[in-house]
Number of protein chains: 2
Amino acid sequence: MEAAAALDSLSALAHPTRLDAFRRLVRSEPDGLSTGQLVEASSLSQSTFSSHLAILVGAGLVMPEKHGRQMIQRANIEALRDLMLFLAKDCCEGRAELCEPLLAELSPCC
Amino acid sequence: MEAAAALDSLSALAHPTRLDAFRRLVRSEPDGLSTGQLVEASSLSQSTFSSHLAILVGAGLVMPEKHGRQMIQRANIEALRDLMLFLAKDCCEGRAELCEPLLAELSPCC
DNA sequence: AAAATGCATCGATAATTATCGATGAATGGA
DNA sequence: TCCATTCATCGATAATTATCGATGCATTTT
């Protein structure tokens, strides 16, 4: 993942509404949620939320699937992994010992 | 880490200048870099960069140390770990199998 | 076919963020 | 002490982002 893509992902997640929606989608994998359900969970207007969603989709963090007349939104776990990999790579490349405590706390959570 | 703190970190990193500076600092651990060196690496004015740096410090991602008349900036690896943990926790809590491929690619890098 | 539903897009406005030069405060050196 | 250096803060302006209601398009239901 290049820095530009990482920036897109970070920017997309750097908003309360979008971070909340993304987390909601990650948790609801692999079923996903409809756009309407997400709008309802947010406290914003439909059009405003739609533009937020478009930013998540544009960053590749969310993948919409057309389902009748509603859209089912699904988190892209691979994109999340890529972002985390990007963030971790800096310290891993420099000095692995910096990365070890990072993984040490990450592993037991799974 | 609560969502509010994660948002601060994400917002802080969601800017080309700040992401670049932070990565530079992670790589230069544990020595750190002076503010002046970071300004030089950026293509911005001293005052503009200073405000960017303040955002990284405010998010807890960078920890300045006074050193004579210059400030030595150091990346806070613990804060980076906390952010990654926060991002990973969503899928881990929901379904561990989503998190496994994430760690699978993360481990060999260290 | 007509009405209703679910969602994206448009246009406008408000709010936030980025940028800069100038100034000021603290420190080290002459 | 006086000057130079390093960096933060201030005030102003430009640029970007967030928000909304209205409208439009596709699809399902009646």
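A few remarks follow.
- Only protein atoms count toward the accessible area here, which uses a 1.4 Å probe; on the stretch B:3-109, the carbon and sulfur part of that area reaches 50 percent.
- Straight-distance crosslink candidates among lysines, where the alpha carbon sits under 27 Å from A:Lys89 and sequence neighbours closer than 8 are dropped: B:Lys89
- Cut-off 15 Å (backbone N to label point 7 Å along Cα→Cβ of A:Ser43), residues of the stretch A:9-28: A:16-18, A:20-21
- Counting from the shortest, the label point at A:Arg69, 7 Å from Cα toward Cβ, is 7.1 nm from the same position in each remaining copy.
- Given charges at beta-carbon only (K, R positive; D, E negative), |dipole| of chain B in Debye: 480 debye
- With eigenvalues of the C-alpha gyration tensor scaled by 5 and rooted, the stretch A:48-110, Å: 34, 13, 9
- Distance between the stretch A:13-40 and the stretch B:1-79 - C-alpha centres, whole angstrom: 30 Å
- Using a Förster distance of 30 Å, the FRET efficiency for B:Ala3-A:Glu97 (Cβ separation, nearest 0.05): 0.50
- Counted residue by residue at 0.36 nm each, then reduced by the alpha carbon distance between them, the extension gain from A:Ala104 to A:Lys66 reaches 9.7 nm.
- Once you divide the Cα radius of gyration of the protein assembly as shown by 2.2 N^0.38 Å, the number left is 1.06.
- Cβ-defined net charge surrounding A:Ala14, 14 Å radius [Lys, Arg +1; Asp, Glu -1]: 0
- Pair-distance profile P(r), taking every C-alpha pair of chain B, with 10 angstrom steps and integer %: 14, 41, 29, 13, 3, 0
- Gaussian network model of chain A, springs between alpha carbon atoms under 10 Å - residue of A:Ser47, A:Ser28, A:Ser11 with greatest fluctuation: A:Ser47
The values are calculated or read from the model by the stated rules, or taken from the named source; none is laboratory data. Because the structure is predicted, anything quoted here is derived from the model rather than measured. No Cβ is skipped: glycine too gets one built from the backbone with ideal geometry, and neighbour counts run over all protein chains shown. Remember, those area values only see protein heavy atoms, side chains included, never the ligands or the DNA or RNA. Shrake-Rupley method; radii C 1.70, N 1.55, O 1.52, S 1.80 Å.
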